[in-house]
Amino acid sequence: MIKVDKLHKSFGKNEVLHDISVSIGKGDVVAVIGPSGSGKSTFLRCLNFLEVPTSGEIEIGGQSVNRKANINKIRQNLGMVFQHFHLFPHKTVLQNLTYAPMTIKKIPKKEAEEKAMELLGKVGLSEKAHEYPSRLSGGQKQRVAIARALAMNPQVMLFDEPTSALDPEMVKEVLDVMKDLAHTGMTMIIVTHEMGFAKEVADRVLFLDGGSLVEDAAPSEFFVDPKTERARNFLSKVL
Ligand code: ADP
Ligand code: MG
């Protein structure tokens, strides 16, 4: 589903991603972990071309992601969920979900609303369809953001620290929605500091440090017997 080959990304002289190669299969749930500043967000942003790689190849579903590609088409296949929700504040929850399907995919309103209501049901927010985002809790906003991304029927979902901005009591409701999604066979790449979640839900852990992919392992290996000193050191601080 996703192939990354020798990806490098620099900002000026600062090399932020160094020679990352990784393949991610359909239905894989991949946790990306590592210290702050290690390049996790930049890695996700390169996948959907929010950042332009300095060198290297990226393929999503068989399509190359580069200047020549139809980036809008590729982005339609990649749902993205951010730490700070990024909902449209002047639209209701329902309108947040129907906007892109109606304007980008030209889906008729009725059909878009039916699909939106189905998704809101899945994230437990049917009764909030006509509220504005400002009236929702952080956990509810993030569940709306997940439903909104799903409304475009993406093949892959990218999450960048989806629970980092939430009060602790709201983390679980969002992780539960993500867990349900993982069980549907969605391909997911999740930057997270939730080690319990990564252990339980991910098929694979990518550990980034200083812009390099230092470990790529099953959670059962990574958390129990990390291969590198850098990963051991990181885990000793967060576990
Ligand atoms: P993480 O998500 O792991 O905390 P980031 O990918 O956000 O790390 O950042 C990695 C490094 O790249 C940091 O040193 C950060 O300052 C730098 N960086 C990120 N985005 C930019 C940018 N747009 N311009 C310049 N430097 C950036
Ligand atoms: Mg980040």
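Only helical runs count toward this figure. For the chain, summing -39,500 (n - 2.57) over DSSP H runs of n ≥ 4 and dividing by all residues gives -11000 deg cm²/dmol at 222 nm. Once each of the trypsin sites (Lys or Arg not before Pro) sitting in a DSSP loop with at most 15 other beta-carbon atoms within 10 Å is removed, the chain keeps 107-226 as its longest stretch. Here region 17-113 has 50 percent of its accessible surface on carbon and sulfur atoms, given a 1.4 Å probe and all protein chains in place. Measuring against 22 Å, Cα to Cα, the residue pairs Lys115/Lys172; Lys141/Lys179; Lys199/Lys227 contain Lys115/Lys172 as the ones spanning a longer distance.
Once the 1.4 Å probe is applied to the protein heavy atoms, the chain comes out at 48 Å² accessible per residue. For the options Pro108, Pro35, Pro219, a Gaussian network treatment of the chain with springs between C-alpha atoms closer than 10 Å singles out Pro108 as fluctuating the most. Could you pull out every one of the aspartates and glutamates with an alpha carbon less than 15 Å from that of Lys106, ignoring same-chain neighbours closer than 8 positions? Result set, ordered by chain and number: Glu114. When every Cα-Cα distance of region 164-212 is counted in 10 angstrom steps from zero, the calculated P(r) takes the values 21, 53, 23, 2 percent.
Estimated from the Cβ-Cβ distance and a Förster radius of 41 angstrom, the FRET efficiency linking Glu15 and Asp167 is about 0.70. For Lys68, the lysines whose Cα comes closer than 21 Å to its Cα, not counting residues fewer than 8 places off in the same chain, are Lys3, Lys6, Lys9.
I want to make sure I understand the PRE zone here: with the label point 7 angstrom from the Cα of Asn66 toward its beta carbon, which residues in region 1-15 have backbone N atoms less than 12 Å away? Inside the label zone: 5.
Separation of region 164-184 from region 121-149 is 13 Å, based on Cα centroids. Potential lengthening of the chain between Ser55 and Thr103 amounts to 14.0 nm, from the contour at 0.36 nm per residue minus the alpha-carbon distance.
Temperature 10 °C, viscosity 1.306 mPa s: under these conditions the Stokes-Einstein estimate for region 106-239, based on its Kirkwood radius over C-alpha pairs, is 96 µm² per second. Across all directions, the average flat footprint of the convex hull enclosing the Cα atoms of the chain is 13.0 nm².
In this simple spin-label approximation, Glu221 and Ser236 carry label points 7 Å from Cα along the Cα→Cβ vector, and these lie 2.3 nm apart.
The values are calculated or read from the model by the stated rules, or taken from the named source; none is laboratory data. All values derive from a computational prediction rather than experimental measurement. Every residue, glycine among them, receives a Cβ derived from its backbone with ideal geometry; neighbour counts consider all protein chains shown. Surface accessibility is based on the protein's heavy atoms, side chains included, excluding ligands, DNA and RNA. Shrake-Rupley method; radii C 1.70, N 1.55, O 1.52, S 1.80 Å.
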